1. Can you tell me the FRET efficiency between Ser12 and Ser51 if r is taken as the Cβ-Cβ distance and R0 is 25 Å, rounded to the nearest 0.05?
2. Can you give me the long-range amide H partners of Ile49? Hydrogens built in the peptide plane at 1.01 Å from N, cutoff under 5 Å, separation of 5 or more residues or another chain.
3. Once fully extended, how much extra length lies between Asn76 and Asn90, figured as 0.36 nm per residue of separation less the alpha-carbon to alpha-carbon distance?
4. Place the peptides 104-115, 87-98, 21-32 in order of packing, highest mean first, counting for every residue the other Cβ atoms within 10 Å and averaging per peptide.
5. Would you please give the FRET efficiency between Ser107 and Val172, computed as 1/(1 + (r/R0)^6) with r the Cβ-Cβ distance and R0 = 41 Å, to the nearest 0.05?
Amino acid sequence: QGPASGTFTADSNSNRIVIYASSGSGGEGGNANPAQRSGGRGGCGAFAIYSHPISAPFSEAYAVGGRGNTGSGGGNANPGGAGGTTSLANVFNINGGGAGNGANNSSPGSNGSNGSISNSPVSATFSAEGGNMNGTDTARYMVPVKSGIAYPAGMSPSAYGSYNIGSPGDLVILENKD
């Protein structure tokens, strides 16, 4: 789970790796006070499955994206942070979800963009159900990558637990040995 980084080294008998990976979701934008305007929802992280042939020796750097931070509130609130990228060097990059924009005294913040996927995998994009705060907002594919959702302006974030915080990325690498 992100944020994390290191080097993946395959066994010398491996000839293929299968990778399940997701990027971090973006953080929600800050709420505008005292105007009671909500910040925008952070963009959802993305998920992909890769099957990649390798030959020994195979050793590449990896990174697992963290979730974006929450924007601070105020009269003109700050945006959240973008979700982190998950990658395996020379194999793939999965970009994190975009930051939710902060609200201002005249309008709520806009939502961040969803994460994107490179290197032509068999892929799926995560989707959140429109900022539902009652716990029914779930990821539609294998790994849950919730977006950062701003709590309603004027409400305490503790009323929603950690739900308003998006999810970090994940990385699982499996090796095939013929």
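1. Numbers: r = 20 Å, r/R0 = 0.78.
With R0 = 25 Å, the Cβ-Cβ based efficiency is 0.80.
2. Correct list: Val122, Ala124.
3. Values: separation 14, 0.36 × 14 = 5.04 nm, distance 4.11 nm.
This chain segment gains 0.9 nm when fully extended.
4. Values: 104-115: 20.4, 87-98: 23.4, 21-32: 32.6.
The densest-packed peptide leads the list: 21-32, 87-98, 104-115.
5. On the way: r = 41 Å, r/R0 = 0.99.
It comes to 0.50.
Bear in mind that the values in this text are calculations on the coordinates, not laboratory data. Values in this document were obtained by computation on a predicted structure and should not be read as measured data. In this analysis, Cβ positions are derived from the backbone assuming ideal geometry, glycine residues included, and neighbour counts consider all displayed protein chains.
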